[in-house]
Amino acid sequence: VIGAGLAGLATAWRAAQRGLRVLVVDRDGPGAGASSVAAGMLAPVTEADFGEDELLRLNLESAALWPGFAAELEERTGMATGYARCGALAVAVDRDDAEEYARMHELQRSLGLAARRLVPSEARRMEPGLAPRIAAAIEAPEEAQADPVAVVAALARAYEDAGGELALADVKALRGGERVTGVETNIGAIGAGAVVLAAGAWSAALDPGVRVRPVKGQLLHLRVRAGGAPIASRIVRTPRCYVVPRADGRVVIGATSEERGFDTRIDAGAVHRLLEAAWEVLPDVWELEFAGALAGLRPGTPDNRPLIGAAARDGLFYATGHYRNGVLLAPVTAELVVAALTGERVSA
Ligand SMILES: Cc1cc2nc3c(=O)[nH]c(=O)nc-3n(C[C@H](O)[C@H](O)[C@H](O)COP(=O)(O)OP(=O)(O)OC[C@H]3O[C@@H](n4cnc5c(N)ncnc54)[C@H](O)[C@@H]3O)c2cc1C
C-alpha cells in the first residue's frame, strides 16, 4: 500500500484483518499528507452538489459505516477517534446566501436527504451563538465529525495490531509492465502480489493514467479559553466557511480551495478571510484563542469522484482521488478495495 493517509491505512487495516500480508510504505510516516490537515466533517448532506448523485450515494454509504468503523477502532485500540453525530447547520447570512441555500435545500429534498429549513429564530434557539441578523438556515441533523489526527493514530495502531507492517520509504516507480509486481523505492525494490496506490495528491507521479491533482486547502485552529462557553454544538457553515467545534473546546475553521500546485504556504489573506467569514456567522469567534493555521493538498479528480478498486493494469488497485471527502470515505474505500483485492468485486 503506497501512502499512510486515511485511504491507505483504512485499506491496509481491513486487508490485514482479512489475513492478507500487508506492507504500508510512506516516505514521511502516517498522516503526513492531507489526512492530518482535514477538518473531519462527515457531511454528505451539506456537501451534496448538483450532478454528483453517484458520489452522494458513496458518501452516504460511507457515512452509514462510520459509527461501526469508529466504535471498532476505539474498542480495539483504546484510542479516541472523536466521532460524534453532532449535526450541522447551513446558515444564510444575507439574502444572496438565502437564495443559494434555498436551491441547495430543493436538491436535498429531491434526493430525500435529512435536511430541514429553519427560520432564523429557530436556528438561534438551537445555536444561541449565531449572529442576530442571519437570514435563514438548514439543519442537517445526521451530519457528524471525527478528529482526523486521532483517526490516523488509531488506524496505525489497529493495523499494526492486526499484523500489518509499516516502512518509511519513498516510492519512485511501480515495478512490472502489463502486470504490476511491486515498487521501486529509495531503499530498494519491494515485490508484491498486489499494489494499492493510496498516495493522495501525489498519486499521478506514480501512475500518469491517474488524473489526480493537488487542490490546496488552508484552515485555522482555535480554541475556547479555559472556562469559556462552547462556540456552538453543531458544525456551522456558510457559503464562505465552516466552523467545526470539537467536544474538548478546539474549533476548526475552514477552508480555502485553491489550484496552486504543491504549494502549502499559509497566506495572511486566507487567515483574514476565514476569520472574517466565521465571525459574521458566529461573532464569538473573536474571543477564541488562535492556535495556528494549516495547509494541505486534497487529491482532486476531473469529475470530483474518487478512484477506488482494480486498475486496468493487473496487480494494481486504486484508493485515491478522494478530494474533499477523504475522511468521510475512508470506511467505504477500505471495504471496496479489500473486496477487489480478494476477488469478491472486480472494480468499484
Ligand atoms: C483543508 C482541508 C480540509 C479538509 N476537510 C475535510 C473534511 O472535513 N472531511 C473530509 O472527509 N475530507 C476533508 N478533506 C479531504 C481529506 O483530507 C482528503 O481527501 C484525505 O485526507 C485524502 O487521504 P489520502 O490518504 O488519500 O491522502 P493523504 O492523507 O494526502 O496521504 C497520502 C500519503 O501518501 C504519501 N506519499 C505520497 N507519495 C508517496 C511516495 N511516492 N512514496 C511514499 N509515500 C508517498 C504521503 O506522504 C502521504 O502520507 C480536507 C482536506 C483539506 C486539505
HN-Hα couplings for the stretch 162-167 via Karplus (6.51, -1.76, 1.60; θ = phi - 60°), in whole Hz with x for Gly/Pro, come out as 7, x, x, 10, 10, 10
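For the stretch 39-130, rounded, prolate or oblate, judged on the Cα gyration tensor with a ≥ b ≥ c (square roots of eigenvalues), a/c < 1.5 rounded, else prolate if a/b > b/c?
Details: a/c = 2.99, a/b = 1.50, b/c = 1.99.
Oblate, because a/c is 1.5 or more while a/b does not exceed b/c.
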Counting only protein heavy atoms with a 1.4 Å probe and every protein chain in place, the carbon and sulfur fraction of the accessible surface of the chain in whole percent equals 49 percent
Everything considered on the Cα gyration tensor (a ≥ b ≥ c; rounded for a/c under 1.5, else prolate if a/b is larger than b/c, else oblate), the chain must be described as prolate
Expected field for Cys241, accessible surface area in Å² at 1.4 Å probe radius, rounded to 10, holds 10 Å²
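Determine the calculated [θ] at 222 nm for the chain from helices alone, applying -39500 (n - 2.57) to every DSSP H run no shorter than 4 residues and normalising by the residue count; nearest 500 deg cm²/dmol.
Details: 7 runs with 100 residues, N = 348.
When only DSSP H runs of four or more count, the value is -9500 deg cm²/dmol.
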Note, Val327: beta-carbon cut-off 15 Å, +1 each Lys/Arg, -1 each Asp/Glu, net 0
A student applying the Cα gyration tensor rule (rounded when a/c is under 1.5; otherwise prolate if a/b is larger than b/c, oblate if not) would label the stretch 91-134 oblate
Taking Cα atoms, the helix 330-341 axis meets the longest principal axis of the chain at an angle in degrees (rounded to 10) of 20 degrees
To the nearest 10 degrees, the tilt of helix 6-17 (Cα long axis) against the first principal axis of the alpha carbons of the chain is 50 degrees
Rounded to whole Å², per residue accessible area for the stretch 10-129 with a 1.4 Å probe reads 49 Å²
Rounded to the nearest 10 degrees, the helix 268-281 long axis (Cα) sits at an angle to the longest Cα principal axis of the chain of 50 degrees
If each part is reduced to its alpha-carbon centroid, the stretch 72-122 and the stretch 315-334 end up apart, in Å, by 22 Å
Taking only protein heavy atoms and a 1.4 Å probe, the highest-to-lowest accessible-area order of Glu72, Glu139 is Glu72, Glu139
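The values are calculated or read from the model by the stated rules, or taken from the named source; none is laboratory data. Just so it is clear, the structure is predicted and the values come from calculations on it, not from any experiment. FYI the Cβ positions are ideal-geometry reconstructions off the backbone, even for glycines, and counts take in every protein chain you see. SASA here: full protein model, heavy atoms, side chains in, ligands and nucleic acids out. Shrake-Rupley method; radii C 1.70, N 1.55, O 1.52, S 1.80 Å.
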